[in-house]
1. Could you go through region 132-148 and let me know if any residue there is farther than 24 Å from residue 72 by Cα, in contact with a strand residue (DSSP E or B) (Cβ under 7 Å, 6 or more places away or on another chain) and not in a loop (DSSP other than H, G, I, E, B).
2. So, in region 165-194, exactly how many residues are buried (at least 23 other Cβ atoms within 10 Å of the Cβ) and within 10 Å of the chain's Cα centre (by Cα)?
3. Please go through region 34-76 and give me each residue that is without any contact (Cβ under 8 Å) to a residue 12 or more places away in the chain and closer than 21 Å to residue 199 by Cβ, ordered by number.
4. In region 152-164, how many are modelled with pLDDT under 95 and either touching a helix residue (DSSP H, G or I) at 6+ places or on another chain (Cβ under 8 Å) or in a strand (DSSP E or B) (or both)?
5. So residue 8 ticks every box in (1) surrounded by fewer than 13 Cβ atoms within 10 Å (Cβ to Cβ); (2) modelled with pLDDT of 80 or more; (3) farther than 28 Å from residue 159 by Cα but one. Which box is left unticked?
6. When the residues of region 117-131 are filtered to those that are assigned to a loop (DSSP other than H, G, I, E, B) and touching a helix residue (DSSP H, G or I) at 6+ places or on another chain (Cβ under 7 Å), which remaining residue is surrounded by the fewest Cβ atoms within 10 Å (Cβ to Cβ)?
């Protein structure tokens, strides 16, 4: 599907982050949402499809299973595979660093090839985010998939954010500790989607 928000022949461009809408959650958690933040995201998507994606296997119960998505991690200082992502990280740092107190330095990427690929309920609590408030900024390119959020304590309706084609969501405050998120499998015919997760140092 073409990114209809981008005129023919123009390159990727970013909407001002001042247009993001903040949703206050429980227990000091929040999410900022800005649909269509990255215009021209299809060009970024096509480039990212060609990077050196890695299939991983993980131990689960008494066996080892395939991780149901492809992964690529870009550590601090590692060049990002598209200049629009460099620009995106710079814009996020300019906007959020005063509130966060530090910059986004790493970029984890997930490729959901079709509706069979998914990620289970979890919080990004490996590292400092297990005990400290932090932020994770996710840019989604390709076909939309639902990102679900629910409080760890239960008792509230699950939130659903269909993300793709340059949409941005930023999870902040206590979100990684007090809420969980997931991308569930779907039987609907969906195209591939890539999420790019910008994180501060020591958050995974």
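1. no
2. 5
3. Initially, region 34-76 is screened for residues without any contact (Cβ under 8 Å) to a residue 12 or more places away in the chain, giving 46, 50, 57-66.
58, the sole residue that qualifies.
4. Matching residues across region 152-164 total 2.
5. (2)
6. Applying the first criterion (assigned to a loop (DSSP other than H, G, I, E, B)) to region 117-131 yields 117-118, 123-126, 131.
This time we only want the ones that are touching a helix residue (DSSP H, G or I) at 6+ places or on another chain (Cβ under 7 Å), so: 123-125.
Working: 123: 20, 124: 19, 125: 15.
Taking the candidates together, the pick is 125.
The values are calculated or read from the model by the stated rules, or taken from the named source; none is laboratory data. As the structure is a computational prediction, the values presented were derived from the model and not from experiment. Glycine gets a Cβ as well: all are built from the backbone with ideal geometry, and neighbour counts include every protein chain shown.
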